[in-house]
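**Q** This structure is in structure tokens; I'll ask about it shortly.
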Amino acid sequence: MTSDPFTLPAILTHSPVRVLFGHGLLDDLGQCAREEGATCALLVTDPGIVRAGYADRARQSLRDAGVDVFLFDGTHENPTTDNVAAGVTLARQHPIDFIVGLGGGSAMDCAKGINLILTGGRTIADYWGEGKATDALLPTILVPTTAGTGSEAQSFALISDVDSKQKMVCGDRRLPKEGGLRPRLTILDPQLTSSQPAAVAAAAGIDAIAHAVETAGTTRRNDVSRELSKQAWLLLSSSYGTVIVSPGDDRARANMLLGAHLAGAAIEQSMLGAAHACANPLTSQCGIVHGQAVGLLLPHVVRYNCAKGNNVYADLVDDPELLAQQLSKFLANSGLPTRLNDCGVNRSRLPALAALAGKQWTAGFNPRPVGEEELLEIYASAFA
């Protein structure tokens with residue numbers, strides 16, 4: 001190995017995803033892929049990663065290890081069924097036996113979507129839900145370049161239908177060695193997050209923080225998820241402000257990347273809640289960046305969930321109101337919007353958004369029951 005590896009927390013032994021964490025690990029990608037049996041890889045990324053030079057480094061590493069590689073850089077923010085279809089078209093022109101996802105959550109989710117269609121055919125809508133894949137999927141390595149979604153730890157992909165704008169969650173919890181959707185290996189290289197634009201770092205970091213908070217309080221939480229959420233929160237909450245003010249701080253960026261991964265692993269155990277249920281329609285219908293949407297709603301969801309005096313976030317903070325205030329300060333200090341009317345959302349749209357939010361899968365895991373009426377209440381509290 002040519003990298004500078006870091007020690008991983010013991011709680012990650014509960015995850016079936018093998019993780020390498022350290023500076024410079026992107027250059028070991030080819031060796032790692034070869035060890036996993038790769039001979040011909042599809043590298044899924046986006047134009048920004050290409051411009052940053054990371055795609056070329058990844059390709060060179062793969063080629064140096066004797067792995068043929070073909071680049072698909074047609075991923076865009078909130079990947080769509082069209083993005084997936086374009087990647088599948090390219091992949092079918094070559095004897096692909098391995099997939100590498102390099103980028104933010106969009107690139108990694110697109111790589112998963114391509115994997116589903118390439119191996120099983122059909123359409124993304126056919127995999128909407130959990131456990132719909134029957135064929136063994138191709139082995140993958142995921143390499144995040146943002147500290148955000150934690151997709152590299154998860155067996156789920158979020159793909160938007162290009163026509164209906166509906167966000168489809170496609171899950172496959174089979175183990176990686178059994179052909180599941182989770183990667184065989186995740187490479188966490190903090191150096192790759194140094195090129196994030198400030199706005200991307202802010203929104204992605206808030207998304208990771210939201211994962212740590214929501215997983216700490218869901219109805220499906222367990223001892224493992226609670227520990228993952230707690231460790232993620234400690235890393236993220238202590239480093240987010242530093243990364244915003246001093247993006248060159250290597251330790252803070254490493255903490256954010258690891259914290260985002262831990263929070264992603266917590267999602268596998270406990271799922272998410274009403275903040276994500278409300279955020280998805282804001283992204284699909286109003287074009288609001290996901291991290292901004294979920295971060296804006298999160299303080300109001302925390303207050304809603306603890307309004308009856310039950311602090312479901314006690315693993316993180318003793319006082320839920322202090323938690324809500326801290327989350328709002330994260331938004332304000334990073335320049336992210338704190339109110340829906342700051343995002344151009346008309347109040348008249350809230351009932352329709354609440355109806356869509358009520359259909360989101362994550363709404364069912366919220367610690368305090370929510371339906372359209374309650375979700376409308378949350379939207380209204382976040383409006384002005």
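The values are calculated or read from the model by the stated rules, or taken from the named source; none is laboratory data. As the structure is a prediction and not an experimental result, all values here were calculated from the model. All Cβ positions, glycine included, derive from the backbone under ideal geometry; neighbour counts span all protein chains shown.
**Q** Run down 364, 371 and say which single residue is in the same structural domain as residue 301 (by TED's automatic domain parsing) and under 23 Å from the mean Cα position of the chain (by Cα).
**A** 364
**Q** In segment 70-77, is there at least one residue being outside any loop (DSSP other than H, G, I, E, B), in contact (Cβ under 8 Å) with a residue 40 or more places away in the chain and either of a type outside the set (Phe, Trp, Tyr) or closer than 24 Å to residue 208 by Cβ (or both)?
**A** no
**Q** Being surrounded by 15 or more Cβ atoms within 10 Å (Cβ to Cβ) and aliphatic (A, V, I, L, M) is true for just one of 332, 357, 352, 384. Which residue is that?
**A** Answer to the selection: 357.
**Q** Let me ask another. Counting just the residues of segment 242-269 that are modelled with pLDDT under 95 and of a type in the set (S, T, N, Q), which one comes out nearest to residue 14 (Cα to Cα)?
**A** 269
**Q** Specify which of the listed residues (232, 212, 204) is among the aliphatic types (A, V, I, L, M), over 18 Å from residue 323 (Cα atoms), assigned by TED's automatic domain parsing to the domain that holds residue 294 and surrounded by 23 or more Cβ atoms within 10 Å (Cβ to Cβ).
**A** 204
**Q** Same structure again: Given the conditions (1) under 21 Å from residue 171 (Cα atoms); (2) touching a Pro at 6+ places or on another chain (Cβ under 6 Å); (3) in contact (Cβ under 8 Å) with a residue 60 or more places away in the chain, report the number of the one that residue 109 does not fulfil.
**A** (3)
**Q** May I ask you to list the residues in segment 23-47 that are out of contact with any helix residue (DSSP H, G or I) (no Cβ under 8 Å at 6 or more places or on another chain) and touching a residue at least 60 places away in the same chain (Cβ under 8 Å)?
**A** 25, 32, 36, 37
**Q** Sticking with this structure for a sec: Restricting segment 215-225 to residues that are in contact (Cβ under 8 Å) with a residue 12 or more places away in the chain and part of a helix (DSSP H, G or I), which is surrounded by the fewest Cβ atoms within 10 Å (Cβ to Cβ)?
**A** Within segment 215-225, the match that is surrounded by the fewest Cβ atoms within 10 Å (Cβ to Cβ) is 224.
**Q** Condition first: of a type in the set (A, V, I, L, M) and without any contact (Cβ under 8 Å) to a residue 60 or more places away in the chain. Now tell me which residues in segment 119-152 satisfy that.
**A** Matches in segment 119-152: 124, 125, 133, 136, 137, 138, 142.
**Q** Then there's this: Output the helices (runs of 4 or more DSSP H) that fall wholly within segment 13-68 and possess 3 or more residues being hydroxyl-bearing (Ser, Thr, Tyr) and modelled with pLDDT under 95, or say none.
**A** none
**Q** Please indicate, with yes or no, whether at least one residue in segment 333-340 is of a type in the set (A, V, I, L, M, F, W, C) and not in a helix (DSSP H, G or I).
**A** Checked segment 333-340: at least one residue is of a type in the set (A, V, I, L, M, F, W, C) and not in a helix (DSSP H, G or I).
**Q** Would you confirm whether any residue within segment 116-123 is in the same structural domain as residue 20 (by TED's automatic domain parsing), touching a strand residue (DSSP E or B) at 6+ places or on another chain (Cβ under 7 Å) and not in a loop (DSSP other than H, G, I, E, B)?
**A** Within segment 116-123, one or more residues are in the same structural domain as residue 20 (by TED's automatic domain parsing), touching a strand residue (DSSP E or B) at 6+ places or on another chain (Cβ under 7 Å) and not in a loop (DSSP other than H, G, I, E, B).
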